[in-house]
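Right, one structure below, let's go through it.
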Amino acid sequence: DKSNLTLSFRRSLQMPDPRDLNPFTTYVDAQNLSRGNPSLKPQILNAWEIGTDLERGHLNSSLSAVYRTSHDTAIDARSFTDRILVTSKQNGGRARSAGLTGSLDWKRDKQLQLGVDGGMFRTMLYTPDISLFVRQDKISGYVNMRAAYSWTHNTLSLDAHALSAGITPLGRVGASNNVNLSWKH
């Protein structure tokens, strides 16, 4: 039986996508233009995490708490010129998120393995939009489940994934889910 406790801090820079630095205008349609911003700065990310892992017999588990912040977040900036929407990128957004993640894996023997992991996060975004500063707040989560059974030269696996709706500096992201069943011989 083993257990671990970890505490970590990470600070990093996320460079802008090179396409977002292109200063030339791209025609989307007659009322919608897109333009890059060569003055875009890197986004600064900070992350704190504390977690524990526990291994006992056939069971492995982990639990972590995370807190992340970002500054100078590159977001879509919209403006109007002669009734035409011009979308570009600009720094100025801020984001915070806090949440819990965990996993539980059970391996009885070489034949049967079961596992589940998931997480729940609260995300808060502060982003400029046209002439206003918009605050968004949303709780989102995900869960992954897996099962595998092996016999002779065969393995049957079932994987399921579910993701709730969430938010990004560019708007909302819809929920998604999928299930995969595979047999390997």
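The values are calculated or read from the model by the stated rules, or taken from the named source; none is laboratory data. The shown structure was predicted, so the numbers you read here are calculated from the model rather than taken from an experiment. Note that each Cβ is placed from the backbone with ideal geometry, even for glycine, and that neighbours are counted across all protein chains shown. Heads up: the accessible areas ignore ligands, DNA and RNA and are worked out on the full protein's heavy atoms, side chains in. Shrake-Rupley method; radii C 1.70, N 1.55, O 1.52, S 1.80 Å.
Overall, the accessible surface of the chain at a probe of 1.4 angstrom is composed of carbon and sulfur to the extent of 58 percent. Taken along the Cα-to-beta-carbon direction at a fixed 7 Å, the label points for Ile84 and Asn32 span 1.5 nm.
Computed over the chain with a Gaussian network model linking Cα atoms closer than 10 Å, the most mobile of Thr26, Thr127, Thr73 is Thr26. Where in the range 152-185 does the amide nitrogen come within less than 16 Å of the point 7 Å from the Cα of Leu114, taken along Cα to Cβ? Zone members listed by number: 157-160.
Ligands, DNA and RNA excluded, the heavy atoms of Phe9 present near 100 Å² of accessible surface to a 1.4 Å solvent probe.
Using all pairs of distinct alpha-carbon atoms, the Kirkwood hydrodynamic radius of the range 66-122 works out to 15.5 angstrom. Sequentially through the range 174-179, phi angles give Karplus couplings (6.51, -1.76, 1.60; θ = phi - 60°) of x, 6, 8, 7, 7, 9 Hz, Gly and Pro residues having no value and appearing as x. Using C-alpha pairs under 8 Å with a sequence gap of at least 6, the mean separation divided by the residue count of the chain gives a relative contact order of 15 percent. Sorting Met15, Met124, Met145 by solvent-accessible area of protein heavy atoms yields Met15, Met145, Met124, largest first, with a 1.4 Å probe. The region of the chain that goes longest without hitting one of the trypsin sites (Lys or Arg not before Pro) in a DSSP loop, each with at most 15 other Cβ atoms within 10 Å, is 1-82. Taking every lysine pair in the chain that is 8 or more places apart or spans two chains, those with Cα atoms closer than 20 Å amount to 4. For the range 1-81, the alpha carbon convex hull comes to 148 Å³ per residue, rounded to a whole number. Panel note: the C-alpha atoms of the chain, placed on their principal axes, show extents of 69, 39, 26 Å (largest first).
Note on the range 1-156: antiparallel DSSP beta bridges, both residues inside, total approximately 95 percent of the bridges counted. Could you give the distance between the Cα centres of the range 44-102 and the range 131-185, to the whole Å? Distance between centres, Cα-based: 17 Å. Springs join every pair of Cα atoms under 10 Å in this Gaussian network model of the chain, and among Leu158, Leu132, Leu21 the largest mean-square fluctuation is at Leu132.
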